[in-house]
């Protein structure tokens, strides 16, 4: 074939290809996926994230009347948007708008607190002061009454429980805690025992003791026990924890009531004073907590 004929044939082929490309319909999504071969089932690619230097959109701050109708989550979201915008553009107006929103939230919170005080006055049953007057002589009298209730309860069950403190000869904190435990014996009439883990190391693994001093309540003729102090604990806190632990182990309270103090049953500070607060069965929950405190026999 002559060179001139070859050039003419190449031009004809090129023209035909260009015509076919113009006439061909755009590839469909399915055709595009078929090009992926084995990965035809791959999900659509996630849209690309905006560039880091892309400017944030200026939040729209509604008028005060409309702002007052927003819910707390909406206000919080708007404040966060304005904070990010102000920190990005760093203009006086943007920063001022952020602090105006913060001031609105502060005034909203103060208004809520004011209405709360009014509600407490009109509904004293919702106010803790009706159950715990924390002023002057009333406070002292209330604390003395609670101490008396706690002491009578613990002395009534002195023969049913014992107090054990685990220590080590090298433990300086143990020498501080032991006189406090002995005071408990004098006040409540309980038997207290000092266990030296240096002399009897097997007790550490038997009772799960990881630090000293550790003070534990043990129920006689039972496998029930409960740690009431890890480390040095002041006497009032030790007596209160012993009171709560004995009540729980005896089944007088449920786990939800563990913070209910002496004389507070069925009152403002009783979590179950007005009925259940959990969807689970309180009896089943109590059994689980108490059973978890059981271990090897004495």
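The values are calculated or read from the model by the stated rules, or taken from the named source; none is laboratory data. The shown structure was predicted, so the numbers you read here are calculated from the model rather than taken from an experiment. So basically every Cβ, Gly included, is an ideal-geometry build from the backbone, and we count neighbours across all protein chains shown.
A single member of 117, 82 is assigned to a helix (DSSP H, G or I) and in contact with a helix residue (DSSP H, G or I) (Cβ under 7 Å, 6 or more places away or on another chain), and it is 82.
Going through 112, 98 one at a time, which residue ends up being assigned to a helix (DSSP H, G or I) and modelled with pLDDT under 95? Write out each step before concluding.
Values: 98 fails: modelled with pLDDT under 95.
From the options 112, 98, the qualifying one is 112.
Evaluating residue 179 against the criteria (1) over 28 Å from the mean Cα position of the chain (by Cα); (2) touching a residue at least 24 places away in the same chain (Cβ under 8 Å) leaves one unmet condition, (2).
With the structure loaded, tell me whether residue 251 is more than 30 Å from residue 179 (Cβ to Cβ), loosely packed, with under 15 Cβ neighbours inside 10 Å, more than 23 Å from the chain's Cα centre (by Cα) and at pLDDT 90 or above or whether it fails that test. Can you show your working first?
Working: more than 30 Å from residue 179 (Cβ to Cβ): yes; loosely packed, with under 15 Cβ neighbours inside 10 Å: yes; more than 23 Å from the chain's Cα centre (by Cα): yes; at pLDDT 90 or above: yes.
It is true that residue 251 is more than 30 Å from residue 179 (Cβ to Cβ), loosely packed, with under 15 Cβ neighbours inside 10 Å, more than 23 Å from the chain's Cα centre (by Cα) and at pLDDT 90 or above.
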